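See below for the structure under consideration.
The values are calculated or read from the model by the stated rules, or taken from the named source; none is laboratory data. Here the structure is a predicted model, which means the values were calculated and not measured. Cβ atoms come from the backbone with ideal geometry, glycine included; neighbour counts cover every protein chain shown.
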Amino acid sequence: MARKIGSRYTVHQVIGRGSAGTVWLGEGPDGPVAVKLLREDLAADQVLVGRFVQERTALTCLDHPHVVGVHDMVVDGSDLALVMDLVQGTDLRTRLERDGVLAPLVAASVIADVADGLAAAHAAGIVHRDVKPENVLLDLAAPAGPGGAPRAKLTDFGIARLVDAPRRTRATRIIGTPDYLAPEIIEGLEPRAAVDIYALATVLYELLTGATPFGGGHTGAVLRRHVTENVPPVDGMPDGLWRIISECLAKAPASRLRAAELASRLRELLPELAGVGPLAVPAQRTATEEAPTPGEAVYAEVDAGRGAHRRRRGPAVPLVPGPTPDSTRDTHTSLRRPSAQELASYAEESRAQRTQPAAGTHRRTRAQLIRRRRTLAVLIAVILLLAGAAAAWTAFAAEPPAATAIGVHTTWHPRL
Ligand SMILES: Nc1ncnc2c1ncn2[C@@H]1O[C@H](COP(=O)(O)OP(=O)(O)OP(=O)(O)O)[C@@H](O)[C@H]1O
């Protein structure tokens, strides 16, 4: 069913959905486009609409082969839409869920593309703030890169900030996706370009190992790990990649590589990564999901009015052996910044969860939880039964007066 967006665009069918809205396949004066139609509640927010208009120039000016170009931003009645390049392919999250971990050469090439795109954005003074596999599109229509790597394009520039703009005055909130949040954001500093580098290195680690370095468990624990823990080492990780990842995941933003440096260091490494197979990472979990633990509710507390949500993805069937990524990972959301005390209180839970060095997102499956609950229920039933039998035996042995048998309160002295 075709629908008009503004005076210049027509959309035909939905091609994807995210937390901020729906992406449609559309047509504009210059050919096919992708149109991201923001959710109605966002479109009805006057502060956001104002900001949308304000950001138009910055976002539409970013023109780079590794950035999904924004052609236009439409404000029309109740419609608020971004008109973008149409990328024929898939997003990196879908690819990871479908195919499992990537070979180092392919992962490095994809991340080098994204780093190039980031370098252009940072030079224009734009910080992405929500770099994650969902926001990397793979252009399957473009000629493949080294090792058959698909060409990558970063999308959703500035959207995290735009959508969250009305809340920016509230210094207690964090914008972003927990697994990819740089420590300085959690500590309350103004996010600069280095936060994108941290997030991109997290994505690289995830492409290679199937898990993010600090993910897993409830959000409070994830945030604490970003601030206090070192990157878990990974067996078989090529040294060059490990050095780059460690530098980019440095706690101090100034110690991280710049985007252009990251791209060139990765490209220099490509020849020695050729022929290196995907890392043999342990199978971590099935695609079943665990209900959020209570602590999650505290931090994933989302402004209901805006409805940024926790997305649950369906079970993934990896085509090559390897872990499936954490399907319960929070998507872009607005979180309450935890106090230092609260972060510390998650230390115990966090330690218990991290039994495998590279298994940041390893968690108990729902099946395990159900089994555990059943065992507990059976145990309680057996204990109650035994207690009942013991009480009955004592009562009969002692021959209590009839009154106690029918529950009338009385005083009874057993015969000794
Ligand atoms: N320019 C585009 N061309 C082709 N497909 C696109 C384009 N932009 C987005 N999509 C598709 O639409 C899906 C939803 O995109 P969207 O940006 O709304 O959400 P997301 O980034 O996956 O998640 P979130 O917004 O919650 O962080 C993507 O996964 C992708 O498959």
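Below is a table of values for the structure above.
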| item | result |
| --- | --- |
| Residue tally, condition exposed (fewer than 15 other Cβ atoms within 10 Å of the Cβ), at pLDDT 90 or above and charged (D, E, K, R), over the range 45-90 | 1 |
| Subset of the range 18-41 [over 17 Å from ASN135 (Cβ atoms) and surrounded by fewer than 21 Cβ atoms within 10 Å (Cβ to Cβ)] | LEU25, GLU27, GLY28, PRO29, ASP30, GLY31, PRO32, ARG39, GLU40, ASP41 |
| Any hit, the range 57-71, residues being farther than 30 Å from ASP239 by Cα and touching a His at 6+ places or on another chain (Cβ under 8 Å) | yes |
| The one condition in (1) over 18 Å from the mean Cα position of the chain (by Cα); (2) in a helix (DSSP H, G or I) that ASP235 fails to fulfil | (2) |
| The range 1-15 - residue that is free of Cβ contacts under 8 Å to residues at least 40 places away in the same chain and part of a strand (DSSP E or B) and, of those, surrounded by the most Cβ atoms within 10 Å (Cβ to Cβ) | VAL11 |
| Every residue from the range 39-58 that is away from the ligand (no atom under 11 Å from the Cβ) and either closer than 14 Å to VAL83 by Cα or touching a residue at least 40 places away in the same chain (Cβ under 8 Å) (or both) | ASP41, LEU42, ASP45, VAL47, LEU48, ARG51, PHE52, VAL53, GLU55, ARG56, THR57, ALA58 |
| Residue list for the range 1-26, restricted to those being among the basic types (Lys, Arg) and either in the same structural domain as ILE159 (by TED's automatic domain parsing) or more than 12 Å from the ligand (Cβ to nearest atom) (or both) | ARG3, LYS4, ARG8 |
| Selection count, the range 135-152, where residues are within 11 Å of the ligand (Cβ to nearest atom), surrounded by fewer than 24 Cβ atoms within 10 Å (Cβ to Cβ) and under 16 Å from LEU207 (Cβ atoms) | 1 |
| Count of residues meeting criterion [more than 9 Å from the ligand (Cβ to nearest atom) and either among the charged types (D, E, K, R) or not in a strand (DSSP E or B) (or both)] in the range 27-38 | 3 |
| Selection count, the range 120-132, where residues are farther than 19 Å from CYS61 by Cβ and surrounded by fewer than 24 Cβ atoms within 10 Å (Cβ to Cβ) | 0 |
| Matching entry among ALA103, ALA124, ALA81 (being more than 16 Å from the ligand (Cβ to nearest atom) and out of contact with any Pro (no Cβ under 7 Å at 6 or more places or on another chain)) | ALA124 |
